[in-house]
Amino acid sequence: MGYIYLYTGTGAGKTTNALGLALRSVGHKRHVIIIQFLKWWKNTGEYKIRKMLAPYYEIHQFGRKGWHGLSDLTESDRKLARNALKFAKKVVNEKKPNLLVLDEINLALHCKLLDVKDVLKFLDEIPNKTDVVLTGRFAPKELMNRAEFVNEIVGIKYPRQMITTKGIQY
């Protein structure tokens with residue numbers, strides 16, 4: 001039976017947790033597909049490693065180029081989010097991954113780029129052999145109720161100035 005893991009909260013590490021599960025799965029020669037909502041930047045470690053981990057690891061991005069902030073989302077962002085969910089449905093049926101990561105889907109739902117009813121319906125159609133990871137801030141209660149594992153990532157302490165270290169934050 002496939003399980004749903006949900007990582008939410010305002011702390012850093014939601015995507016990193018999902019990537020840790022992906023790495024474990026690949027280590028067991030299990031097929032992983034990562035679909036990133038609202039993300040476009042290809043200079044991240046999780047994107048750059050895709051060829052090295054093939055054929056067990058795939059990553060696909062559905063985000064408008066550049067950082068626009070949550071208050072500046074457009075119909076283009078809505079269309080990209082819908083395309084990402086449509087793509088997820090397609091790859092689950094055609095490729096039947098062992099692990100499907102829907103990175104930042106919670107944030108896409110929070111921003112009303114997707115309807116939670118559509119995501120719940122999709123989750124109900126996931127094959128039993130596929131585990132699913134949902135990440136992003138502001139997870140809706142409906143998804144938290146549906147998931148078997150829910151983790152809230154809370155930031156306790158951060159440096160005054162933002163630190164971005166290659167291989168750690170990206």
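Every number here is computed from the coordinates shown, using simple stated rules; none is lab data. These numbers were taken from a predicted model, which means no experiment stands behind them. Because the Cβ atoms are built from the backbone with ideal geometry, glycine has one as well, and the counts that use them run over all protein chains shown.
One table, with the values for the structure above:
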item: Boolean, Asn106 is under 14 Å from Phe37 (Cβ atoms), surrounded by 10 or more Cβ atoms within 10 Å (Cβ to Cβ) and among the polar types (S, T, N, Q); result: yes
item: Region 100-122 residues that are under 13 Å from Thr135 (Cβ atoms), paired with ones that are assigned to a helix (DSSP H, G or I) and of a type outside the set (A, V, I, L, M, F, W, C) (beta carbon under 7 Å, 6 or more apart); result: Asp103/Thr15
item: Exclusive hit being among the hydrophobic types (A, V, I, L, M, F, W, C) and more than 18 Å from Asn106 (Cβ to Cβ), set Leu38, Leu73, Leu53; result: Leu53
item: Identity of the residue in region 1-37, more than 28 Å from His68 (Cα to Cα) and free of Cβ contacts under 8 Å to residues at least 12 places away in the same chain, that ends up surrounded by the most Cβ atoms within 10 Å (Cβ to Cβ); result: Leu23
item: Check on Leu107, in contact with a helix residue (DSSP H, G or I) (Cβ under 7 Å, 6 or more places away or on another chain) and within 24 Å of Lys42 (Cβ to Cβ); result: no
item: Test result for Lys65, assigned to a helix (DSSP H, G or I) and surrounded by fewer than 13 Cβ atoms within 10 Å (Cβ to Cβ); result: no
item: Within region 127-152, considering residues that are crowded, with 18+ Cβ neighbours inside 10 Å and hydrophobic (A, V, I, L, M, F, W, C), the one nearest to Thr8 (Cα to Cα); result: Ala139
item: Identity of the residue in region 44-55, within 17 Å of the chain's Cα centre (by Cα) and in a loop (DSSP other than H, G, I, E, B), that ends up farthest from Lys29 (Cα to Cα); result: Thr44
